[in-house]
Amino acid sequence: MTTTAVNSYKALTDDSAIALARTLDFFPEGAKLESQEIGDGNLNYVFRITDSESGKGLIIKQALPYAKVVGESWPLTLKRATIEANALRKHGEFVPGLVPVVYATDANLALTVMEDLSHLTIAREGLIRGEAYPNLSKDIGEYLAKTLFQTSDFALHPFEKKRLAAEFSNPELCKITEDLVFTDPFFDFETNDFEPELRAEVEAIWNNGPLKLEAAKLKKSFLTDAEALLHGDLHTGSIFASDTETKVIDSEFAFYGPIGFDVGLFLANLIAQAVTREGEKREVVLHHIEQTWNVFSSNFSELWEQQGIEAFKDTAGYKEFVLEKIFQDAIGFAGCELIRRTIGLAHVKDLDSIEELERRIALKKQVLQTGEALILKRKELPSIAAVVALVEEQSR
Ligand code: SR1
Ligand code: MG
């Protein structure tokens, strides 16, 4: 299947989603099709179409012309559907087993038709229920290394890299991140959302000059460091998982940005999960944090040695310099993500679903402190083990 026929934009319903699915060369003629809207994200509708006899299914994702999380008062480009489909396809060239197959797209209807992954669970949901997902960090470490290295100047001809950077120009979605991750939580802006019990800690952030200076530097890196084609929103809600499989979805925020951003977002969301756990179950997530970085850096290093095209690739210390920058950026971005997921517009269920107020507030204060420490100490932390030790220190 390729691009479907030209249509003008109209929000899909269950009936029109089924009608559209029938036009694709996927289900047998006359199949009894059912549709269910299963989207639980902030921005889109997601229809699962299934053949009730065979159980075979596909997903039709439609971008809405506004952000669902806020409503029609926040208009949002439909071009993000094309960005998402093209990013899935581009990343799929390097990690075919770790992203869904895209069957068809329609730019006018802002649709992406893709592989049904309903046999898997959104990693955030499973992790909240206490799942371990033994392959998660190995798979995401590999996903990060391969997608980011192969779309960078270390692997691509400069003309091709700049062509891709132009193709994936994504100003509106980047603006969401620039505001919600890097700006609003550091000021008294009305998009912020936090419990009154956190006001003293939040005001301390707004008044912390050295912290704001480091946040400004990280924002500048996000704005200007066009290093690789990022996923752009790699939190645990953008990943489907089981004990044996991992698939990265939802790449509508894709753009050319700093490599450490994808790494840091994933690490932050693991940290936000780890703090809610105790004992062995916590160890599992702490191990995922270490393993993500270790698998990423060893795969990236191997790709550098075997496939790197940079003239300076064998210059002593250059690879180490590049990996050190990625590490420090990742830790700083992780700090920003932890702060915004606690006091900004879009929270994480890992923390918000804790019913007991006293425990929820205590953990949120801890997450804020961890976020601040990661931002401020990112250049002093010598290893991922030191990051895990810092997370543990904040829990005491
Ligand atoms: C208005 S969108 C809010 C958040 O949801 C997305 O998944 C991104 O993380 C964004 O910051
Ligand atoms: Mg998303």
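Summary table
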{"read-out": "Residues of segment 217-271 classified as open to solvent by less than 10 Å² (accessible area, probe 1.4 Å) and outside any loop (DSSP other than H, G, I, E, B), total", "value": "25"}
{"read-out": "Residue selected from segment 289-346 under the condition in contact (Cβ under 8 Å) with a residue 24 or more places away in the chain, in contact with a helix residue (DSSP H, G or I) (Cβ under 7 Å, 6 or more places away or on another chain) and of a type in the set (S, T, N, Q), by the criterion most open to solvent (accessible area, probe 1.4 Å)", "value": "Asn294"}
{"read-out": "Matching residues, segment 10-45, being open to solvent by less than 50 Å² (accessible area, probe 1.4 Å), assigned to a strand (DSSP E or B), modelled with pLDDT of 95 or more and of a type outside the set (Ser, Thr, Tyr)", "value": "Leu33"}
{"read-out": "Residue list for segment 178-194, restricted to those being in a helix (DSSP H, G or I) and open to solvent by less than 10 Å² (accessible area, probe 1.4 Å)", "value": "Pro185, Phe186"}
{"read-out": "Criterion (within 16 Å of the chain's Cα centre (by Cα), within 25 Å of Val181 (Cα to Cα) and within 16 Å of ligand 1 (Cβ to nearest atom)) met by exactly one of Phe261, Phe296", "value": "Phe261"}
{"read-out": "Breaking point among (1) under 14 Å from Ile249 (Cβ atoms); (2) in a strand (DSSP E or B); (3) in contact with a helix residue (DSSP H, G or I) (Cβ under 8 Å, 6 or more places away or on another chain), for Arg48", "value": "(3)"}
{"read-out": "The listed residue being polar (S, T, N, Q) and in contact (Cβ under 8 Å) with a residue 24 or more places away in the chain, out of Thr82, Thr23, Thr13", "value": "Thr82"}
{"read-out": "Leading residue by the ranking (farthest from Ser35 (Cα to Cα)) among those in segment 73-119 that are open to solvent by less than 20 Å² (accessible area, probe 1.4 Å), part of a loop (DSSP other than H, G, I, E, B) and more than 16 Å from ligand 2 (Cβ to nearest atom)", "value": "Val95"}
{"read-out": "So Ser137, is it buried (at least 19 other Cβ atoms within 10 Å of the Cβ), over 30 Å from Leu368 (Cβ atoms) and not assigned by TED's automatic domain parsing to the domain that holds Ile18", "value": "no"}
{"read-out": "Number of the condition not met by Lys247 [criteria: (1) farther than 29 Å from Thr342 by Cα; (2) within 16 Å of ligand 2 (Cβ to nearest atom); (3) of a type in the set (Lys, Arg)]", "value": "(1)"}
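The values are calculated or read from the model by the stated rules, or taken from the named source; none is laboratory data. This structure is a prediction, so every number in the text was calculated from the model and none was measured. We place every Cβ from the backbone using ideal geometry, glycine too, and count neighbours over all the protein chains shown. In case anyone asks, the SASA skips ligands and DNA or RNA and just uses the protein heavy atoms, side chains included. Shrake-Rupley method; radii C 1.70, N 1.55, O 1.52, S 1.80 Å.
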